[in-house]
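*Asks:* Structure incoming, see below.
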Amino acid sequence: GKYSIKKDYKAQIKKELKAFVASLEAEGVSSSNTVSKCNNVENETKSLIPTFSEFCTTYKGAKQRSVSPTTWHLYTETIDQLLLPRFGDMRLDEIRPHHVQKFIDYLSTPDARKDGKNISLKPPTIRRYLTVLQSILTLAYKQELINNNPADARRLELQGIVHPEVEAFDENEVKAVITAMYEEPLHIRALIAVALFTGARRGEIIGLKWDDIDFETRKLSIRRSVYKVKNQPPTEKIPKTVSSIRQMAIPQMLCDILLEYKKEQDARIALLGTRWYNGNYIFTQEDGHVMSPYTPTRQCDHFLKRHNIRHLKLHGLRHTSATMLLANGCDIKTVSKRLGHTSIDTTNIYVHALAKADIAAADCFDAIASE
């Protein structure tokens with residue numbers, strides 16, 4: 001009897017062991033199938049993610065409605081000439097921070113220039129190109145096509161291109177500019193004075209009409225801007241943002257210059273008669289039509305060269321206007337409103353410039369004491 005029980009016991013264990021092995025094998029097949037299915041789903045999901053080039057078509061459709069024509073021209077040119085050759089064939093989820101960093105490093109070399117000059121692009125230009133790439137990848141992130149943004153500034157080495165130095169004239173240079181402008185023809189004097197005393201943007205200055213000046217209350221209103229796209233005539237648009245539509249007080253000096261300039265312009269209108277285009281613009285071409293936005297830039301360059309004053313772009317007069325106001329006790333909120341900034345945060349770049357000047361002023365005492 002004992003032998004029979006032992007034999008039955010072994011047979012039972014063998015049977016259970018066989019069933020256990022079979023179940024393990026079954027699980028292995030099931031697991032393999034599950035992995036296979038997961039891989040298939042993952043591959044299908046990836047195939048739904050567009051390439052950078054494909055997504056740029058979506059991006060352009062969304063962006064064109066929300067930016068100015070000049071900004072749109074910059075965006076499309078940047079996408080076509082710089083971004084598509086580098087990222088076009090890559091799936092959005094394949095782009096990594098190191099790819100973006102290599103793009104930034106490339107922009108910092110003369111090879112990135114399209115005009116053949118053997119010098120590197122300036123930091124503000126590099127920043128503009130990077131902004132376009134960041135804008136595209138931010139939209140992809142918002143649409144959940146990628147899990148994170150590889151162009152996030154916190155993941156990149158930007159080395160001085162995020163906050164470019166504000167270039168502005170100091171107080172002595174401002175005095176030199178004011179003295180020099182009184183040696184110029186009225187149309188140049190008026191242009192330099194408006195730029196310096198209002199801090200308006202270039203397009204806003206040439207968009208000014210005589211109706212925008214109230215000489216009695218000494219107020220100037222910014223209601224429009226003028227832009228120019230390549231191979232097209234200058235065109236009016238509403239200013240950059242809602243806060244850009246603004247009114248500001250102007251000094252009597254500017255009123256006097258503009259009144260004198262208006263008399264000269266009225267005499268020209270009388271001389272040309274019907275050949276004068278009556279657009280009521282303050283700054284015009286020879287026949288009264290609005291001037292190109294590039295003209296005041298050239299006029300400012302030539303003006304500074306004629307008087308041996310340090311070269312700054314016309315936009316430098318806007319920076320100068322802001323720093324002079326802040327340095328002379330004007331509060332930042334008022335300055336921000338005059339400049340037409342959407343946020344005081346933007347105006348803070350001038351505060352940083354003043355802080356740097358303040359440190360330099362304090363350091364001069366150490367220099368004096370050590371002599």
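*Asks:* A 28 angstrom limit on the alpha carbon distance is what I want to check against. Which of 237/305; 230/263; 114/175; 237/313; 117/337; 60/117 exceed it?
*Replies:* 237/305; 230/263; 114/175; 117/337; 60/117
*Asks:* Working out 0.36 nm times the residue gap between residue 54 and residue 216, then minus their Cα-Cα distance, what length gain in nm do you get to one decimal?
*Replies:* Gain in length upon complete extension: 52.6 nm.
*Asks:* Using per-residue counts of other Cβ atoms within 10 Å, averaged over each peptide, order 258-265, 129-136 from highest down.
*Replies:* Going by the mean number of other Cβ atoms within 10 Å, highest first, we get 129-136, 258-265.
*Asks:* At 0.36 nm per residue, and after removing the present C-alpha to C-alpha distance, how many nm does the segment from residue 159 to residue 367 gain when stretched out fully?
*Replies:* 71.8 nm
*Asks:* Where the centroid of each part is defined by its Cα atoms, how far is region 257-306 from region 312-348 in Å?
*Replies:* That distance is 27 Å.
*Asks:* So, by mean Cβ neighbours within 10 angstrom, what's the order for 57-67, 313-323 with the highest one leading?
*Replies:* Ranking the peptides 57-67, 313-323 by packing returns 313-323, 57-67.
*Asks:* Counting Lys and Arg as +1 and Asp and Glu as -1, what is the net charge of the other residues whose Cβ lies under 10 Å from the Cβ of residue 324?
*Replies:* That works out to -2.
*Asks:* Now, a different point. Round to a whole angstrom and tell me the spacing of the C-alpha centers of region 201-253 and region 119-198.
*Replies:* 20
*Asks:* Report the full-extension gain for the segment residue 252 to residue 113: residue separation times 0.36 nm, less the Cα-Cα distance, to one decimal in nm.
*Replies:* Going from the current span to full extension adds 45.5 nm.
*Asks:* Taking the mean number of other Cβ atoms within 10 Å as a proxy for protection, how do you rank 325-335, 174-184 from highest to lowest?
*Replies:* 174-184, 325-335
*Asks:* A further question on this structure: Net charge near residue 104, counting Lys/Arg +1 and Asp/Glu -1 over other residues with Cβ under 12 Å of its Cβ?
*Replies:* Here the count lands on +2.
*Asks:* Let me ask another. Over all pairs of distinct alpha carbons, what does the Kirkwood formula give as the hydrodynamic radius of region 222-371, in Å?
*Replies:* 18.8
Rule-based calculations on the coordinates, nothing more; no lab input. Every value quoted in this text rests on a predicted model; they were computed, and no experiment measured them. All Cβ positions, glycine included, derive from the backbone under ideal geometry; neighbour counts span all protein chains shown.
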